[in-house]
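Q: I'd like to ask some things about the structure below.
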């Protein structure tokens, strides 16, 4: 692992740690605002990794590389779990809103397209004298 790869991995890990903290606090808007930064950090890490593969043998100490890799894996797993939880919660909230907004009974409309209101169904009467 090259020094550049370690630097980009630490940057990505830091972004993931902040996003995980926002997700754990259910601050979905705050977590979403980090998407661009996380994408840039992931792209930089991928580029550094690709460069490291071409420049094999010029790596950082193995212990440091293992520590950074372990931290990154742990944070990425937690990030996935927290994102799934956030998506599930958001889906539940939207479902609740939709059920609340849904009309209680069947909708009826007049020929003009206006709601028919709460009128009873038409009834035919017959009276004989």
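Q: So which residues in the range 16-47 are touching a residue at least 24 places away in the same chain (Cβ under 8 Å), part of a helix (DSSP H, G or I) and more than 26 Å from residue 1 (Cβ to Cβ), if there are any at all?
A: Those that are touching a residue at least 24 places away in the same chain (Cβ under 8 Å), part of a helix (DSSP H, G or I) and more than 26 Å from residue 1 (Cβ to Cβ): 23, 24, 28, 31.
Q: Here's something else I'd like to know. Quick check on this structure: which one of 116, 120, 104 is farther than 20 Å from residue 20 by Cα, at pLDDT below 75 and surrounded by 10 or more Cβ atoms within 10 Å (Cβ to Cβ)?
A: It is 116.
Q: Further question on the same structure: Residues to consider are 54, 71, 40, 66; find the one that is closer than 18 Å to residue 13 by Cα and modelled with pLDDT under 90.
A: It is 66.
Q: With respect to the numbered conditions (1) assigned to a helix (DSSP H, G or I); (2) at pLDDT below 90; (3) out of contact with any helix residue (DSSP H, G or I) (no Cβ under 8 Å at 6 or more places or on another chain), which one is the sole condition not fulfilled by residue 81?
A: (2)
The values are calculated or read from the model by the stated rules, or taken from the named source; none is laboratory data. Since the model is a prediction, treat every value here as computed from it, not as a measurement. Glycine gets a Cβ as well: all are built from the backbone with ideal geometry, and neighbour counts include every protein chain shown.
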